[in-house]
Amino acid sequence: MAMAAYITVLLRQLRPLAINVGLAIYICHRLSDPTGASLLESLVNIFAQIHVYASQNVLILHRWAFVLPLINIISTITQDVVAIAGISGLLRVGYFLYHFQLSDWKDLLLRTCFQWIKPFINKKLQTISNKILKEADSMLAKEPNRTIRLSLPKNGLADDIILNELSSCANRENTRCQTGKISGTLYSGGNKHSELMCKVYEFYLWSNPLKPGVWPRVNQCEAEIVAMTARILNGAPIGCVTSGGTESILTAVRAHVELFGKQRGIACPEIICGSTAHCALNKACEVLNVRLLCIDCDDDNSYELKAAAVQKQITCNTIMIFASAPSFPHGIIDPIDDLSALAKQYDVGLHVDACLGGFILPFCQGDIVPQAFDFRLPGVTSMSADTHKYGHATKGTSVVLFKSSDLQHASYFSYSHWSGGLYITPTFAGSRPGALIACAWAAMVSIGESGYQQRAQVIVEAARCIADAIESIDGLKLMTQNPTIVVCFTSDVFNIYRLKDAMSKMGWSLNPLQQPAALNICVTENIDVDEFLQDLRSAANEVQASTCIPQQKMGGTEMIYKTIRMLPPAAVEFAMHRFTDASLAP
């Protein structure tokens, strides 16, 4: 057993070196015979010599002559296997060259080089790590005199101590969020709605839909949420409630991998998206081992996924196209009608990410949103819409919808051989908080169709007002024409990240974008449009005036993104990991 374990560990360690070993063999072969036969011819000759040698020895030992036909068969099969492997390898190389993406190879090369040099720069990396951890408290707005507990108290704390400790922090933190100066994040406001959410949550505080017969009303709430969301998106009531947009996208990808991938015999599934797609898709593809083909949407400054570009990337391994309605960075709705026609033509799936727009766009159809983007289009096979954004539910719920029951069944996890009994879940999570599902249901039925219509109108009017004003501000350039939710802008005159830092000093939290550098604001009901535009004009004038100052010191955001452009992705991720470590620390 010990020897078997040793061999297993050794093979695991050697497996990543297989390509290096192959290259070493090739180099040795060339050095030994620079102008001679190819490596493939040499392998064939080696097999032939082994065959001759074995045959001669068998003939010498007459009593083993009956083994000769077996040797011939084994030799033939071995050479056939090598030939098949060679042909298969050539086809795979040809396939990848045909769908060659420079960014993939560049990223792989940089990551590999970083891993090679990492042992030699450990001290430098440790210095960076310590600097991040040292500055993390201020960057994360942590109180310097906060109480930190790293072990259970010997005796439980009294209720009033717990409540006092949390309430002092909550009051301070919530006050900042309620100023209306944060992009997105806080989508609902008003004490009345908050009180309703608290009361409903209390009703089902301990509920868990994993046990459907125990809290049947929670299961009914989920079914009604799915049905109501499907109705406004013109689909069938087929889907489930997830923990958020990321899990909705993850669930949709899993369904397509199963139905459009495994059931069609596709071993290496591929999904096509635009560079503006939410990175939750990258996470889903990484988890489910799907190759993601990302098309640059910045070529013509439209920032949308063009069907013509998608068509060039479709192969026999394509299982799904991913579109946004709208995209998070620029607030652009992809031409989903064109993508739908393409999905139908090639018989692949089409997921529409409406996590942002799912409860806004359906109530803006007509002049504001003239194009169809939902299940009215025959090529759309799944959609995601976040109830905890513009559905005004508490954080932790989203809806994923499917065109057919077969596709939804492909997203289920079921296991019938577990010693604990039959087990099945419709989402990645097992246990789920039924209270959040009840809150989402209560939010939807309390607002109603007219309420969503009114709120959508307020959001769109505010977004259009901000966009119109930005076009009149000297130095700024609008990137989102006719916005509905997100307004994105940049500058050709000054570094846009300086504007972000200037707005931060005024209390505003805007989203910095990259490739190209830009800022966006996700409009909510809580934002005071007049105050925002007044501060934006003031900050733009301040930054534009400061550009005349020679050798001006770079601000935090500008420094961060300038440094990112200079470092390989693996080094940037190292810093991101350390920052996340700091955010998870007490």
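The values are calculated or read from the model by the stated rules, or taken from the named source; none is laboratory data. Just so it is clear, the model here is predicted, and its values are computed rather than measured. Counting neighbours? That spans all protein chains shown, and the Cβs are built from the backbone with ideal geometry, glycine included. Ligands, DNA and RNA are excluded from the accessible area calculation, which covers all protein heavy atoms including side chains. Shrake-Rupley method; radii C 1.70, N 1.55, O 1.52, S 1.80 Å.
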Cα-based Rg/(2.2 N^0.38 Å) for segment 111-187, rounded to two decimals, is 1.73
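Using only the heavy atoms of the protein chains and a 1.4 Å probe, how would Thr112, Thr315, Thr251 rank by accessible area, largest first?
Details: Thr112 50, Thr315 25, Thr251 0 Å².
From most accessible down to least: Thr112, Thr315, Thr251.
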Scattering profile of segment 451-515 at q = 0.13 Å⁻¹ [log10 I(q)/I(0), Debye over alpha-carbon scatterers]: -0.41
Determine how large the accessible area of Leu584 is when every protein chain is in place; take a 1.4 Å probe and give Å² rounded to the nearest 10. 140
Using the Cα atoms of segment 483-580 to build a convex hull, what is its mean projected area in square nanometres? 7.7
Kindly sort His256, His577, His417, His193 by accessible area of their heavy atoms, largest first, with the probe set to 1.4 Å. His417, His577, His193, His256
Taking just the alpha carbons, could you work out the radius of gyration and Dmax for segment 335-460, both in angstroms? 17.2, 58
Given the DSSP H assignment, sum -39500 (n - 2.57) over each helix run of at least 4 residues in the chain and divide by its residue total; what's the result at 222 nm in deg cm²/dmol, nearest 500? -17000 deg cm²/dmol
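State which entries of Lys283/Lys306; Lys262/Lys312; Lys142/Lys477 exceed 29 angstrom in Cα-Cα distance in the structure shown.
Over 29 Å Cα-Cα: Lys142/Lys477.
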In the chain the DSSP beta bridges are antiparallel at a rate, in percent to nearest 5, of 55
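Mean Kyte-Doolittle hydropathy of 1.0 or higher plus an axial Cα length of 27 Å or more: which whole DSSP H helices in the chain meet both?
Working: long enough: 39-60 (32 Å, 1.10); 68-98 (45 Å, 1.34); 434-472 (48 Å, 0.63).
Helices passing the filter in the chain: 39-60, 68-98.
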Sorted by chain and then number, the residues having a modelled amide H within less than 5 Å of the amide H of Leu350, at least 5 places away or on another chain, are Ile321, Thr381, Ser382
How far apart, in nm, are two points set 7 Å out from the Cα along the Cα-to-Cβ line at Ile7 and at Arg376? 6.5
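Using only alpha carbon pairs under 8 Å that are at least six residues apart, calculate the relative contact order of segment 495-586 and give it in whole percent. Could the numbers behind the result be given before it?
Details: 51 pairs, mean separation 29.1, N = 92.
Result for segment 495-586 is 32 percent.
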Cα point-scatterer Debye curve for segment 371-445, base-10 log of I(q)/I(0) at q = 0.25 Å⁻¹: -1.14
Show log10 I(q)/I(0) for the chain at q = 0.07, 0.11, 0.12 Å⁻¹, two decimals, from a solvent-free Debye sum over equal Cα scatterers. -0.57, -1.23, -1.41
Give the separation of the Cα centroids, segment 481-553 to segment 84-162, in Å. 29
Span from the segment 181-197 Cα centroid across to the segment 299-366 one, whole angstrom: 30
How many nm is it between the label spots at Ala429 and Ile560, if each spot is 7 Å from the Cα in line with the beta carbon? 2.7
Straight-line reach from Lys562: which aspartates and glutamates fall under 17 Å, measuring Cα to Cα and dropping same-chain residues less than 8 apart? Asp492, Asp501, Glu573
Apply the Karplus parameterisation 6.51 cos²θ - 1.76 cosθ + 1.60, with θ equal to phi minus 60°, to every residue of segment 476-483 and state each ³J(HN,Hα) to the nearest whole Hz, in sequence, with x for glycine and proline. 9, 10, 6, 10, 10, 7, 6, x
Heavy atoms of Ser538: accessible area, 1.4 Å probe, square angstrom to 10: 60
Between Lys142 and Ile73, take the C-beta separation as r, use R0 = 51 Å, and let me know the FRET efficiency to the nearest 0.05. 0.10
With +1 on the Cβ of every Lys and Arg and -1 on the Cβ of every Asp and Glu, and nothing else charged, how large is the dipole of the chain about its Cα centre, in debye rounded to the nearest 20? 1960
Viscosity 1.567 mPa s, temperature 4 °C: give me the Stokes-Einstein translational D for segment 478-528 in µm²/s, with Rh taken as the Kirkwood radius over C-alpha pairs. 112
Stokes-Einstein, Kirkwood over Cα pairs, segment 133-267, 20 °C, 1.002 mPa s; D in µm²/s equals 106
HN-Hα J couplings of segment 142-148 from phi, Karplus 6.51/-1.76/1.60, θ = phi - 60°, integer Hz, Gly and Pro as x? 7, 5, x, 9, 5, 7, 10
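Given the Cα-Cα distance of Ser414 and Leu31 and 0.36 nm per residue of separation, how much length would full extension add, in nm?
Numbers: separation 383, 0.36 × 383 = 137.88 nm, distance 5.57 nm.
132.3 nm is the gain from fully extending Ser414 to Leu31.
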Could you compute how much accessible surface Ser88 exposes when probed at 1.4 Å, giving the result in Å² to the nearest 10? 50
Quick one: which residues, 5+ away or cross-chain, put their amide H under 5 Å from the amide H of Gly358? H built at 1.01 Å from N. Asp386
What FRET efficiency comes out for Asp530 versus His193 if R0 is 25 angstrom and r is the Cβ-Cβ distance? Round to the nearest 0.05. 0.60
Please compute the contact order of the chain in relative form: average sequence separation of alpha-carbon pairs under 8 Å and at least six residues apart, divided by the residue count, as a percent. 16
Largest first, please: the extent of the C-alpha atoms of segment 233-284 along each principal axis, to the nearest Å. 30, 28, 21
For segment 153-210, the Cα convex hull volume per residue in Å³ comes to 165
